[in-house]
Amino acid sequence: MTFDSDTENTDTRCGYVAIVGRPNVGKSTLLNHILGQKISITSRKPQTTRNAVVGIKTEGGVQIIFVDTPGMHLGQQKAINRYMNRAATTAMKDVDVVVFVVDRFIWTEEDEAVAEKLQHINSPVILAVNKVDQIEDKETLLPHLQQLAEKLNIAEIVPISALRNNNLDRLEQLIIERLPEGIHMYPEDQITDRSSRFMAAEIVREKITRQLGDELPYEMAVEIEEFKQEGNLLNISALILVERDGQKKILIGDKGARIKLIGTEARIDMEKLFEMKIMLKLWVKVKSGWSDDERALRSLGYNDF
């Protein structure tokens, strides 16, 4: 995007921006399109994002440090659910701007719960009404935006389509106007604070989620056991944890066909990300109860943000 002259003439700006909302409203898609590069995995399955993922955009004198959060959801039956809600809630604290993403005309109990949490923060909140490209009668949009403005204590409302890159320039400009002046915290060419191991594990998890959808419950995690570069070849071994034997069979598929396809798709994305040839090995292991075990979650990297 092109920043206006007022922004260009100020000293450098740098600040944190939390992207929050209930599951499946398009938070990760929004971050990826703003950055122009995929760092946060996406799928149609709610709660795909489990960790708070930082994405960094530096352009001219402005550096925006985005925090893509897990979708806040009701019901915290298992430790993994409690972890995701804590990660999202924590990310809202001590940021300079919050972008609250909602889905068109849809307003649920989970949206209400997010809105309630936002009443207790001091940062300005920008409401991003996503997927407006799917609204057939655009005249119905303005009254809806007015209702949301009356309902919520927010600084701005902006209709967007994250998938179609619609009005994202406007959203960025509203964010920039609210960033404090300050030196940049990351190098200009850095786009995330996450390790290459983390990114590799997330790519594998995305391919599994997209392949299996509702066939495989949330009790699945990916752990990178080997990450070793030899010249222009990167050897990666990933352990996929499930909770039951039936889940393992579904994941492997008939004669190993499904796990092979997952591996192929993950390798293609990894080669694009790491810009080198990838040798990827996938293993599936049953580890009962991991998703409700705080210690197991910490060992898998699910630490509080």
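Quick notes
Yes/no per residue for (1) touching a His at 6+ places or on another chain (Cβ under 6 Å); (2) touching a residue at least 24 places away in the same chain (Cβ under 8 Å); (3) over 30 Å from Asp11 (Cα atoms); (4) open to solvent by 70 Å² or more (accessible area, probe 1.4 Å):
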{"position": "Pro124", "(1), (2), (3), (4)": "no, yes, no, no"}
{"position": "Glu136", "(1), (2), (3), (4)": "no, no, yes, yes"}
{"position": "Asn153", "(1), (2), (3), (4)": "no, yes, no, yes"}
{"position": "Gln173", "(1), (2), (3), (4)": "no, yes, no, no"}
{"position": "Ala200", "(1), (2), (3), (4)": "no, yes, yes, no"}
{"position": "Asp214", "(1), (2), (3), (4)": "no, yes, yes, yes"}
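- Residue within segment 50-58 that is modelled with pLDDT of 85 or more, of a type in the set (Ser, Thr, Tyr) and open to solvent by 10 Å² or more (accessible area, probe 1.4 Å) present: yes
- Any hit, segment 225-246, residues being modelled with pLDDT under 95 and among the aromatic types (Phe, Trp, Tyr): no
The values are calculated or read from the model by the stated rules, or taken from the named source; none is laboratory data. Since the model is a prediction, treat every value here as computed from it, not as a measurement. Counting neighbours? That spans all protein chains shown, and the Cβs are built from the backbone with ideal geometry, glycine included. To get the accessible areas, we keep the full protein, side chains included, count just its heavy atoms, and leave off ligands, DNA and RNA. Shrake-Rupley method; radii C 1.70, N 1.55, O 1.52, S 1.80 Å.
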